[in-house]
Amino acid sequence: MATHAAATFEGPDPTVAELIAARPFLSMHAMDGLLLDDVPLNRVADEVGTPTWVYSAATMRARYGALATALADARLDAQVHYAVKANDHLAILRLFSREGAGADVVSGGELLRARAAGIPGSRIVFSGVGKSAHELRLALTEDLAQINVESAEELAMLSAIAAQMGRTARVALRVNPDVDAGTHAKLTTGRAQDKFGIAYTQAAALYAHAATLPGIRPIGLAVHIGSQILSVAPYRAAYARIAELVHALRADGLAVETVDCGGGLGIPYRGQPAPSPAALAGAIAGAFHNLNLRLALEPGRWLVGPAGLLLASVILVKQTEAGRFVVLDAAMNDLIRPAMYDAWHGIVPVSAAEAVGEASPADVVGPVCEPGDSFARGRLLPNLGANSRVAILDAGAYGSVMSSAYNARPLAAEVMIDRGDIAVIRARQPVDALWAHEHIPTFLE
Ligand code: LLP
């Protein structure tokens, strides 16, 4: 296996001023406090309450544009399929689709969401290690651009279903290149021991077999080695192996039209060095230029992560012998990334006066009854009091989509800001919605 050490980042935490300066859509106004695209987050909190997810539409568009430009500059014929799992809100799907994106979906639910947002099947690819017969039927009914098949077993199942329906599935084989993406252990997908993809050594034979199966037209290969990847080296290693396979398949007389280069491009949550889209485009071009391939990408986090934040209020600040605990009205049920991946998210006070106050270490936690319900430990923060507000940054990806109603905490509201408009794109969930589909059986009446 090719290994690439995690880009460990040992620098000090960025200051509040540095966090704001690195995010052009944020600014601090002396009276109004923290602004997102010139809209005071205090106004959002007054109107919609907290906790609330707040997204910058302009930032999403700008990021899509930057990625598309990088691909064009590298002269790549590449279609972006936004990875719906990162944030599947209909408004966000619609926004990216209007910019020209297709969608990468991993379930029947995501497929139907993408369709509900107006994305045609011809711009949808279906990934995932275990698609049910029902989901494969749905994919064929919607005539998706491509189904990324991850095993011989799935290929056989798809062939039987497609033949029975009288349809032909355009199939890419997702290959496991046995490359370590150097990211968090829970975010790596391209090592041989991971559950994803078809073993590199078996891919060529399976591709040839696919070409003989009824209802299957093999059109290419797909690869995705992980998420929050902060170096292009593992991409280069993986793409080199895929390019080798393209050559081998073609040498055997098999047609390979397309390569899906996956997603995974990381973002600098903590100000650490992160590869640019141009660097990723360079890695793709390095492996695939001259091969006359249609290329696809499946980015999620890079497009949407930095464009969203979680706006929360301080319930109380608790001082113990061990230190200071800032208890928010947001919790791990809203944003689980710190608990699940030890993720670091910037935390910025919304009040200008507080933001410049003298900082000392604090643990920032939620009210959920678990020690893991923590957003930050020993974070340098100014004095905050009850009713202070904070923004938890870079929460646009894998934020609201991973929320639960644990501790009977309803799902938070979602707001999109565009050119001064504050649009509530998801109302705060009413608490009785939590038991709306529950029934007390007659024997308990
Ligand atoms: N394509 C496939 C096949 C994937 O499995 C994924 C992500 C993507 C594309 C998009 O990856 P991205 O560009 O967003 O890195 N919940 C975790 C992230 C899990 C990613 C799973 N797969 C987190 O909060 O960091």
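Would you mind checking which residues have amide H under 5 Å from Ala103's amide H? H placed 1.01 Å from N; only 5 or more apart, or other chain.
Distant-sequence amide H within range of Ala103: Tyr82, Ile124, Val125.
Around Asp77, which amide H atoms from residues at least 5 apart in sequence, or from another chain, sit under 5 Å from its own amide H, with H modelled in the peptide plane?
Leu295
With everything on Cα atoms, drop me the angle between helix 90-99 and the longest principal axis of the chain, reported from 0 to 90° to the nearest 10.
Roughly 60 degrees between the two axes.
Which of the lysines could be linked to Lys131 by a straight reach, that is with a Cα gap under 26 Å, when you skip same-chain ones fewer than 8 residues away?
The reachable lysines, counting only those whose Cα sits under 26 Å from Lys131, are Lys85, Lys186, Lys195.
Give me the net charge for the shell around Pro234: Cβ to Cβ below 15 angstrom, other residues only, Lys and Arg +1, Asp and Glu -1.
Around Pro234, the charge tally is 0.
Give me log10 I(q)/I(0) at q = 0.25, 0.29 Å⁻¹ for region 90-130, Debye formula, one equal scatterer per alpha-carbon, no solvent.
-0.76, -0.98
When the Kirkwood radius is taken over all Cα pairs of region 76-182, what Stokes-Einstein diffusion coefficient follows at 20 °C and 1.002 mPa s, in µm²/s?
In µm²/s, the coefficient rounds to 150.
Rounded to whole Hz and in sequence order, give me ³J(HN,Hα) for region 151-159 from the Karplus expression 6.51 cos²θ - 1.76 cosθ + 1.60, θ = phi - 60°, writing x for Gly and Pro.
For region 151-159, the Karplus curve yields 7, 4, 5, 5, 4, 5, 5, 5, 4 Hz.
Figure the gain on full extension for Asn292 and Ala66 (residue separation times 0.36 nm, minus the Cα-Cα span) and round it to one decimal in nm. Intermediate results must be reported in sequence, preceding the final value.
On the way: separation 226, 0.36 × 226 = 81.36 nm, distance 2.39 nm.
Value of the extension gain: 79.0 nm.
I want to check the label-to-label distance for Asn407 and Lys186. Put each point 7 Å from Cα in the C-beta direction and report it in nm to one decimal.
Between Asn407 and Lys186, the simple spin-label model gives 1.7 nm.
Using every Cα-Cα pair within the chain, state what percent have a distance larger than 38 Å.
When all Cα pairs of the chain are counted, 27 percent exceed 38 Å.
DSSP loop GluC sites (Glu not before Pro) in region 320-398 with at most 12 other Cβ atoms within 10 Å of their Cβ, which ones? All intermediate terms of the calculation are to be shown ahead of the outcome.
Numbers: sites: Glu321, Glu354, Glu358; in loops: Glu321, Glu358.
Hits after loop and neighbour filter: Glu321, Glu358.
Local charge sum around Gly130 (other residues, Cβ-Cβ under 11 Å, Lys/Arg +1, Asp/Glu -1)?
Residues close to Gly130 contribute a combined charge of -2.
If you add up the charges near Gly300, with Lys and Arg at +1 and Asp and Glu at -1, over every other residue whose beta carbon is less than 15 angstrom from its beta carbon, what do you get?
Around Gly300, the surrounding residues sum to -2.
State to the nearest 20 debye the size of the charge dipole of the chain about its Cα centre, where the only charges are +1 on K and R beta carbons and -1 on D and E beta carbons.
It comes to approximately 900 debye.
Using the Kirkwood radius built from alpha carbon pairs, what does the Stokes-Einstein equation give as D for region 74-303 at 37 °C and 0.692 mPa s, in µm² per second? Don't jump to the answer; show the numbers that get you there.
Working: Rh = 17.5 Å.
Roughly 187 µm²/s, to the nearest whole number.
Mean separation of Cα pairs under 8 Å and 6+ residues apart, divided by the residue count of region 74-303: what relative contact order is that in percent?
Result for region 74-303 is 21 percent.
If neighbour count is taken as other Cβ atoms inside 10 Å, put His134, His289 in order from fewest to most.
Going from least to most buried by this count: His134, His289.
Under unit Cβ charges (Lys, Arg +1; Asp, Glu -1), what dipole magnitude, rounded to 20 debye, does region 130-177 have relative to its Cα centre?
100
Dividing the convex hull volume of the Cα atoms of region 1-97 by its residue count, what figure in Å³ per residue is obtained?
Expressed per residue, the convex hull around the Cα atoms of region 1-97 is 193 Å³.
Note down the nm distance, to one decimal, between modelled labels 7 Å out along Cα→Cβ at His439 and at Arg98.
Output for this residue pair reads 4.2 nm.
What FRET efficiency comes out for Ile315 versus Ala279 if R0 is 30 angstrom and r is the Cβ-Cβ distance? Round to the nearest 0.05.
Computed FRET efficiency for Ile315 and Ala279: 0.10.
If you take the Cα Rg of region 305-445 and divide it by 2.2 N^0.38 Å, with N the number of residues, what do you get?
Details: Rg = 16.8 Å, N = 141, 2.2 N^0.38 = 14.4 Å.
The value comes to 1.17.
Based on other C-beta atoms within 10 Å, arrange Phe443, Phe96, Phe25 from fewest to most.
Fewest to most other Cβ atoms nearby, the residues stand as Phe443, Phe25, Phe96.
Would you kindly state how much longer the chain becomes between Asp38 and Gln272 on full extension, computed as 0.36 nm times their sequence separation minus their alpha carbon distance, in nm to one decimal?
81.6 nm
What is the fewest-to-most order of Ser400, Ser388, Ser122, Ser127 by other Cβ atoms lying within 10 Å of their Cβ?
Result, fewest neighbours first: Ser122, Ser388, Ser400, Ser127.
What Rg and what Dmax come out for region 164-212 when only alpha-carbon atoms are used, in angstroms?
14.0, 43
Would you mind finding the longest exposed-site-free stretch of the chain, with exposed trypsin sites (Lys or Arg not before Pro) meaning DSSP loop and at most 10 other Cβ atoms within 10 Å?
196-418
Quick note: the coordinates plus some simple rules give every number you see, no bench work behind them. Keep in mind it's a predicted model, so treat the numbers as computed, not measured. Here Cβ is always computed from backbone atoms with ideal geometry, including for glycine, and neighbour counts include all displayed protein chains.
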